[in-house]
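*Asks:* Have a look at this one.
The values are calculated or read from the model by the stated rules, or taken from the named source; none is laboratory data. This one's a predicted model, so the numbers in the text were calculated from it and none came from an experiment. Every residue, glycine among them, receives a Cβ derived from its backbone with ideal geometry; neighbour counts consider all protein chains shown.
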Amino acid sequence: MQIGPEQGTFMTLLAKLVGARNAIEIGTFTGYSAICIARGLADGGRLLCCDISAEWTALARDYWQRAGLDDRIELRLAPAADTLSGLSADTSFDYAFIDADKTGYVRYWDLIVPMMRSGGIILVDNTLSHGRVVDLTVQDDNVQGVRRFNGHARADARVELVLLPIGDGLTLARKL
Ligand SMILES: C[S@@+](CC[C@H](N)C(=O)[O-])C[C@H]1O[C@@H](n2cnc3c(N)ncnc32)[C@H](O)[C@@H]1O
């Protein structure tokens with residue numbers, strides 16, 4: 001389920017390019033994408049990781065420690081929408097990565113966009129879904145969730161965005 005190494009390297013570079021300090025990840029699994037983000041953060045930067053799996057994220061914690069990044073990553077084990085809804089009103093992120101349940105993408109987006117600083121970036125994974133987003137014979141929940149998200153994000157006047165053909169499709173949005 002994890003992103004590929006070229007996408008990971010790209011995500012590290014992006015974090016450096018925007019001088020990211022406060023980042024959030026929705027969907028952490030065994031921690032690889034979190035390592036890629038955390039490596040790109042400015043000194044003193046923090047990454048908040050959201051996941052519901054204690055089993056997978058136990059591996060993540062181990063790898064973060066081995067990578068010497070555990071001091072800059074905080075993990076919250078709860079449905080991501082609950083974690084996002086519970087953040088304080090003055091929370092501000094400059095880097096966000098969404099890669100959890102596809103049916104939740106629109107909800108995560110709507111919770112995260114108001115928390116992004118102007119110029120901050122949001123990355124959203126699997127937005128091509130192996131090409132199934134344009135194959136209307138495919139009607140499963142995940143693909144429909146991504147289709148809904150793609151239309152929703154494209155129509156959002158608060159951001160400018162591009163869908164990059166990296167990995168399984170990576171949407172890169174910049175908050176205006
Ligand atoms: C595709 S994996 C993430 C892969 C990770 N970003 C990487 O590249 O290494 C999706 C993760 O989303 C988590 N997830 C699923 N539903 C969730 C929810 N409602 N809230 C938070 N995390 C969720 C799963 O437990 C799983 O670890």
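*Asks:* Any idea which of (1) exposed (fewer than 15 other Cβ atoms within 10 Å of the Cβ); (2) more than 9 Å from the ligand (Cβ to nearest atom) is the one Leu87 doesn't satisfy?
*Replies:* For Leu87, the failing item is (1).
*Asks:* Do the conditions hold for Thr57, that is, is it in contact (Cβ under 8 Å) with a residue 40 or more places away in the chain, buried (at least 16 other Cβ atoms within 10 Å of the Cβ) and of a type in the set (S, T, N, Q)?
*Replies:* no
*Asks:* Among the residues of region 80-133, which ones are closer than 16 Å to Leu164 by Cβ, part of a helix (DSSP H, G or I) and in contact (Cβ under 8 Å) with a residue 40 or more places away in the chain?
*Replies:* Ser129 - this is the single residue of region 80-133 that is closer than 16 Å to Leu164 by Cβ, part of a helix (DSSP H, G or I) and in contact (Cβ under 8 Å) with a residue 40 or more places away in the chain.
*Asks:* Please determine whether any residue of region 9-24 is in contact (Cβ under 8 Å) with a residue 12 or more places away in the chain and within 8 Å of the ligand (Cβ to nearest atom).
*Replies:* Scanning region 9-24, I find no residue that is in contact (Cβ under 8 Å) with a residue 12 or more places away in the chain and within 8 Å of the ligand (Cβ to nearest atom), so the answer is no.
*Asks:* With touching a residue at least 40 places away in the same chain (Cβ under 8 Å), within 23 Å of Leu14 (Cβ to Cβ) and among the hydrophobic types (A, V, I, L, M, F, W, C) as the only criterion, which of Ala153, Ala157 stands out?
*Replies:* Unique residue meeting the criteria: Ala153.
*Asks:* Which condition from (1) crowded, with 20+ Cβ neighbours inside 10 Å; (2) farther than 22 Å from Leu87 by Cα; (3) near the ligand (Cβ under 7 Å from one of its atoms) is the one that Thr28 breaks?
*Replies:* So Thr28 meets the others, but not (2).
*Asks:* Across region 108-129, what is the number of residues that are within 16 Å of the ligand (Cβ to nearest atom) and surrounded by fewer than 17 Cβ atoms within 10 Å (Cβ to Cβ)?
*Replies:* Count: 1.
*Asks:* Still on this structure: I'd like the residue in region 16-39 that is of a type in the set (A, V, I, L, M) and either within 12 Å of the chain's Cα centre (by Cα) or not in a helix (DSSP H, G or I) (or both) and, out of all such residues, is modelled with the lowest pLDDT.
*Replies:* Only one residue fits best here, namely Val18.
*Asks:* Based on what the data block shows, is Arg76 out of contact with any Gly (no Cβ under 6 Å at 6 or more places or on another chain), in contact (Cβ under 8 Å) with a residue 12 or more places away in the chain and away from the ligand (no atom under 12 Å from the Cβ)?
*Replies:* no
*Asks:* A follow-up question, please. Mind listing whichever residues of region 1-43 are under 23 Å from Leu111 (Cα atoms) and acidic (Asp, Glu)?
*Replies:* Glu25
*Asks:* Within the bounds of region 144-161, is there any residue that is more than 14 Å from the chain's Cα centre (by Cα) and under 21 Å from Cys36 (Cβ atoms)?
*Replies:* Yes, because at least one residue in region 144-161 is more than 14 Å from the chain's Cα centre (by Cα) and under 21 Å from Cys36 (Cβ atoms).
*Asks:* Does region 41-52 hold any residues that are more than 13 Å from the chain's Cα centre (by Cα) and either near the ligand (Cβ under 9 Å from one of its atoms) or surrounded by 23 or more Cβ atoms within 10 Å (Cβ to Cβ) (or both), and which are they?
*Replies:* The answer is Leu41, Ile52.
*Asks:* So which residues in region 160-172 are more than 15 Å from Met11 (Cβ to Cβ) and surrounded by 17 or more Cβ atoms within 10 Å (Cβ to Cβ)?
*Replies:* Answer for region 160-172, where residues must be more than 15 Å from Met11 (Cβ to Cβ) and surrounded by 17 or more Cβ atoms within 10 Å (Cβ to Cβ): Leu161, Leu163.
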